[in-house]
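Structure record follows, encoded as C-alpha coordinates.
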Amino acid sequence: QKSNSDLLVSGKSLGSMVTFQIFKNHPDLKSVTLLTPVCSYLTDGQGIPLPAPLDVINENYSDLLIEKRPVFMISGNSDPLCSHAILNNFKNKAGANLDVKYVEGNHSFTILNTDGSVNQTESQNNLLDISNSMLKWFSVR
(Lines give C-alpha, C1' and ligand atoms only; values in the text may rest on other atoms or scores of the structure.)
Protein backbone atom coordinates (compact mmCIF):
# COMPACT_ATOMS: atom_id res chain seq x y z
CA GLN A 1 0.00 0.00 0.00
CA LYS A 2 1.23 3.48 -0.88
CA SER A 3 2.00 6.01 1.83
CA ASN A 4 0.89 9.63 1.96
CA SER A 5 3.89 10.62 4.07
CA ASP A 6 5.42 12.65 1.24
CA LEU A 7 2.18 14.37 0.21
CA LEU A 8 1.75 18.10 0.73
CA VAL A 9 -1.80 19.39 0.39
CA SER A 10 -3.10 22.89 -0.30
CA GLY A 11 -6.41 24.69 -0.45
CA LYS A 12 -7.60 28.25 -0.96
CA SER A 13 -10.37 30.12 0.85
CA LEU A 14 -13.27 27.72 1.45
CA GLY A 15 -11.01 25.05 -0.04
CA SER A 16 -8.48 25.74 2.71
CA MET A 17 -11.12 24.81 5.29
CA VAL A 18 -11.93 21.57 3.45
CA THR A 19 -8.25 20.80 2.91
CA PHE A 20 -7.48 21.30 6.58
CA GLN A 21 -10.23 18.84 7.56
CA ILE A 22 -8.75 16.27 5.18
CA PHE A 23 -5.26 16.98 6.53
CA LYS A 24 -6.47 16.69 10.13
CA ASN A 25 -8.14 13.34 9.41
CA HIS A 26 -5.13 11.87 7.58
CA PRO A 27 -2.20 11.90 9.99
CA ASP A 28 0.04 10.36 7.34
CA LEU A 29 -0.05 13.56 5.20
CA LYS A 30 3.17 15.54 5.49
CA SER A 31 2.04 19.19 5.56
CA VAL A 32 -0.63 21.64 4.47
CA THR A 33 -0.70 25.10 2.90
CA LEU A 34 -3.76 27.25 3.53
CA LEU A 35 -4.08 30.04 0.98
CA THR A 36 -6.30 32.99 1.93
CA PRO A 37 -7.51 31.31 5.12
CA VAL A 38 -10.91 32.44 6.35
CA CYS A 39 -9.94 33.90 9.74
CA SER A 40 -12.59 36.54 10.29
CA TYR A 41 -15.79 38.14 9.06
CA LEU A 42 -16.52 41.86 8.76
CA THR A 43 -20.30 41.44 8.56
CA ASP A 44 -22.91 39.33 10.30
CA GLY A 45 -25.09 36.73 8.60
CA GLN A 46 -27.40 39.45 7.25
CA GLY A 47 -24.53 41.49 5.80
CA ILE A 48 -24.60 44.14 8.50
CA PRO A 49 -21.12 45.46 9.29
CA LEU A 50 -19.73 44.38 12.65
CA PRO A 51 -18.00 46.87 14.97
CA ALA A 52 -14.86 44.69 14.86
CA PRO A 53 -13.82 41.64 12.83
CA LEU A 54 -15.37 38.42 14.14
CA ASP A 55 -12.73 35.77 14.89
CA VAL A 56 -13.68 32.47 13.21
CA ILE A 57 -10.24 30.89 12.85
CA ASN A 58 -10.74 28.28 15.57
CA GLU A 59 -14.16 27.42 14.17
CA ASN A 60 -12.88 27.06 10.59
CA TYR A 61 -9.60 25.31 11.47
CA SER A 62 -10.47 23.35 14.59
CA ASP A 63 -7.51 21.66 16.27
CA LEU A 64 -4.97 23.67 14.28
CA LEU A 65 -3.44 24.91 17.54
CA ILE A 66 -2.64 21.34 18.58
CA GLU A 67 -1.40 20.28 15.13
CA LYS A 68 2.30 19.27 15.14
CA ARG A 69 2.87 18.84 11.41
CA PRO A 70 3.98 21.80 9.25
CA VAL A 71 1.26 24.31 8.35
CA PHE A 72 1.79 27.30 6.04
CA MET A 73 -0.81 30.08 5.84
CA ILE A 74 -0.58 32.77 3.15
CA SER A 75 -2.84 35.81 3.40
CA GLY A 76 -3.24 38.91 1.29
CA ASN A 77 -2.50 42.18 3.07
CA SER A 78 -5.94 43.55 2.12
CA ASP A 79 -7.96 40.35 2.52
CA PRO A 80 -11.31 41.21 4.16
CA LEU A 81 -11.71 37.57 5.30
CA CYS A 82 -8.53 37.44 7.35
CA SER A 83 -7.86 40.12 9.92
CA HIS A 84 -4.12 40.31 10.47
CA ALA A 85 -4.66 41.05 14.15
CA ILE A 86 -6.67 37.84 14.50
CA LEU A 87 -4.21 35.77 12.47
CA ASN A 88 -1.20 37.22 14.35
CA ASN A 89 -2.86 36.47 17.69
CA PHE A 90 -3.52 32.92 16.54
CA LYS A 91 0.07 32.53 15.30
CA ASN A 92 1.37 33.67 18.69
CA LYS A 93 -0.60 30.86 20.37
CA ALA A 94 0.49 28.21 17.86
CA GLY A 95 3.63 26.12 17.79
CA ALA A 96 6.71 26.64 15.67
CA ASN A 97 5.17 24.38 13.02
CA LEU A 98 2.85 27.20 11.86
CA ASP A 99 4.34 29.63 9.36
CA VAL A 100 2.40 32.70 8.25
CA LYS A 101 3.24 34.86 5.26
CA TYR A 102 1.53 38.08 4.25
CA VAL A 103 1.66 39.10 0.60
CA GLU A 104 0.25 41.95 -1.44
CA GLY A 105 -3.33 41.69 -2.56
CA ASN A 106 -6.85 40.90 -1.54
CA HIS A 107 -8.66 37.56 -1.06
CA SER A 108 -7.82 36.66 -4.67
CA PHE A 109 -4.24 37.93 -4.27
CA THR A 110 -5.23 40.61 -6.78
CA ILE A 111 -3.45 43.96 -6.64
CA LEU A 112 -5.54 46.98 -7.55
CA ASN A 113 -4.54 50.27 -9.09
CA THR A 114 -5.48 53.49 -7.31
CA ASP A 115 -8.59 53.77 -9.52
CA GLY A 116 -9.78 50.33 -8.38
CA SER A 117 -8.93 48.51 -11.62
CA VAL A 118 -6.83 45.35 -11.53
CA ASN A 119 -3.12 45.78 -12.05
CA GLN A 120 -2.61 42.72 -14.23
CA THR A 121 1.20 42.79 -14.23
CA GLU A 122 1.52 43.23 -10.47
CA SER A 123 -1.16 40.61 -9.82
CA GLN A 124 0.56 38.05 -12.06
CA ASN A 125 3.93 38.78 -10.44
CA ASN A 126 2.28 38.39 -7.04
CA LEU A 127 1.00 34.92 -7.96
CA LEU A 128 4.49 33.95 -9.15
CA ASP A 129 5.97 35.16 -5.86
CA ILE A 130 3.38 33.16 -3.91
CA SER A 131 4.15 30.05 -5.97
CA ASN A 132 7.87 30.52 -5.34
CA SER A 133 7.24 30.96 -1.61
CA MET A 134 5.25 27.74 -1.53
CA LEU A 135 7.93 25.82 -3.43
CA LYS A 136 10.62 27.14 -1.11
CA TRP A 137 8.57 26.24 1.97
CA PHE A 138 7.80 22.75 0.61
CA SER A 139 11.49 22.14 -0.12
CA VAL A 140 12.50 22.47 3.52
CA ARG A 141 9.64 20.44 4.98
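The values are calculated or read from the model by the stated rules, or taken from the named source; none is laboratory data. All of these numbers come straight from a predicted model, not from anything done at the bench. Every residue, glycine as well, gets a Cβ built from its backbone with ideal geometry; the counts of neighbours run over all protein chains shown. These accessible areas exclude ligands, DNA and RNA; they are computed on the full protein's heavy atoms, side chains included. Shrake-Rupley method; radii C 1.70, N 1.55, O 1.52, S 1.80 Å.
Remark on VAL103: its backbone amide H falls under 5 Å from those of SER75, GLY76, ASN77, a criterion applied only to residues 5 or more positions apart or on other chains, H modelled at 1.01 Å from N. At a probe radius of 1.4 angstrom, the accessible area of the chain per residue rounds to 56 square angstrom.
Quick one: if the Förster radius is 30 Å, what FRET efficiency do ALA96 and LEU135 give, using the C-beta to C-beta distance and rounding to 0.05?
Here the calculated transfer efficiency is 0.90.
Assuming R0 = 22 Å, what is the FRET efficiency of VAL9 and SER62, from their Cβ-Cβ distance, to the nearest 0.05? Efficiency for this residue pair is about 0.85.
Which of the lysines could be linked to LYS136 by a straight reach, that is with a Cα gap under 19 Å, when you skip same-chain ones fewer than 8 residues away? Straight-line reach from LYS136, under 19 Å: LYS12, LYS30, LYS101.
Projected onto its three principal axes, the C-alpha set of region 1-92 covers 52, 27, 21 Å, listed from the longest axis down. Here the contact order of region 69-141, divided by its residue count and restricted to Cα pairs under 8 Å and six or more residues apart, works out to 31 percent. Computed 3J(HN,Hα) for region 56-64, one whole-Hz value per residue from the Karplus formula 6.51 cos²θ - 1.76 cosθ + 1.60 where θ = phi - 60°, is 10, 5, 5, 5, 7, 10, 4, 6, 5, glycine and proline marked x. Divide by every residue of the chain the summed helix terms, -39500 (n - 2.57) for each DSSP H run of at least 4, and state the resulting mean residue ellipticity at 222 nm, rounded to the nearest 500 deg cm²/dmol. Roughly -10000 deg cm²/dmol at 222 nm, from the helical runs in the chain. Surface composition of the chain: carbon and sulfur make up 55 percent of the accessible area, probe 1.4 Å.
Order of 34-41, 65-72, 119-126 by packing, highest average Cβ count within 10 Å first?
Going from most to least packed, we get 34-41, 65-72, 119-126.
Annotation: extensible slack from LEU128 through GLN21 equals 35.8 nm (criterion: 0.36 nm per residue apart, minus Cα-Cα distance).
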